[in-house]
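To start, the structure itself, in structure tokens.
The values are calculated or read from the model by the stated rules, or taken from the named source; none is laboratory data. Every value quoted in this text rests on a predicted model; they were computed, and no experiment measured them. Virtual Cβ from ideal backbone geometry, glycine too; neighbours counted across all protein chains shown. For the accessible areas, the whole protein counts, side chains as well, though only heavy atoms, and no ligand, DNA or RNA atoms are used. Shrake-Rupley method; radii C 1.70, N 1.55, O 1.52, S 1.80 Å.
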Amino acid sequence: MSVIVAVRSALLADAAVAALVGTRVYAKKLPQAVTYPAATLELISGDPGNTVAAAGTMKWSRVRINAWGTTYATAEGLAHKIEAALNVKKSTQGAVRLASINAQGLRDFYEPDVEAHYHSQDFSIHYSYMR
């Protein structure tokens, strides 16, 4: 299981997020004819956690989550629910232990091609794979 899949699972396990999006949390891009609200996840960067002696067990990634809605308020509300579900939380999703999740800057946008608003936020995630 990748960190993206683990974060998606953590989001869908949160009742407040799931109440808004159902299962509409996608990797990278929205599908055509998407139902809003929805969210997209994207791996921005990461560090394999290598040390001088060997590959480390703790890894780090920055994951961007976009909260989409047909109105500004809907996108903003979903973004706040996503932040509440993840920020400063720990969980285990499948074989991935999410040891530390920290929210970073929240930005808002409008995408005219799909006539939707979205709020974008990056999350710094420290995680490891269970053995």
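So which GluC sites (Glu not before Pro) in segment 26-131 are both in a DSSP loop and have at most 12 other Cβ atoms within 10 Å of their Cβ? Walk me through the numbers before you get to the answer.
Details: sites: Glu42, Glu76, Glu83, Glu115; in loops: Glu115.
When the GluC sites (Glu not before Pro) of segment 26-131 are filtered for loop state and at most 12 Cβ neighbours within 10 Å, Glu115 remain.
Using a cut-off of 16 Å between alpha-carbon atoms, which aspartates and glutamates can reach Lys81, once sequence neighbours fewer than 8 places away in the same chain are excluded?
Correct list for Lys81: Asp14, Asp108, Asp122.
Mind checking the per residue accessible area of the chain for me, 1.4 Å probe, whole number of Å²?
Working: 6910 Å² over 131 residues.
For the chain, the per-residue accessible area is 53 Å².
Pick from Ala19, Ala116, Ala67: which residue has the top mean-square fluctuation in a GNM of the chain where Cα pairs under 10 Å get a spring?
Ala19
Roughly how tilted is helix 72-86, in degrees to the nearest 10 and between 0 and 90, from the longest Cα axis of the chain?
20
Given Cα pairs under 8 Å that are at least 6 residues apart, what percent is the relative contact order of segment 3-123? Could you put the intermediate results ahead of the total?
Working: 226 pairs, mean separation 29.0, N = 121.
Computed value for segment 3-123: 24 percent relative contact order.
With a 1.4 Å probe and all protein chains left in place, how much of the accessible area of segment 12-131 comes from carbon and sulfur atoms, in whole percent? Before the final figure, lay out each step's value.
Numbers: 3520 of 6510 Å².
With neighbouring chains kept in place, the figure for segment 12-131 is 54 percent.
So what are the ³J(HN,Hα) numbers for segment 94-110, from phi and the Karplus equation (6.51, -1.76, 1.60; θ = phi - 60°), rounded to whole Hz, Gly and Pro as x?
x, 8, 10, 9, 7, 7, 7, 10, 10, 6, 10, x, 9, 10, 10, 9, 10
To the nearest 10 degrees, how steeply does helix 3-13 sit against the main Cα axis of the chain, on a 0 to 90 scale?
So the inclination is approximately 60 degrees.
Using label points projected 7 Å from each Cα along Cα→Cβ, tell me how many nm separate Ala73 and Asn102, to one decimal.
3.4
Evaluate 2.2 N^0.38 Å with N set to the residue count of the chain, then give the Cα radius of gyration divided by it. Let's see the in-between values first.
Details: Rg = 15.0 Å, N = 131, 2.2 N^0.38 = 14.0 Å.
Normalised Rg, Cα atoms only: 1.07.
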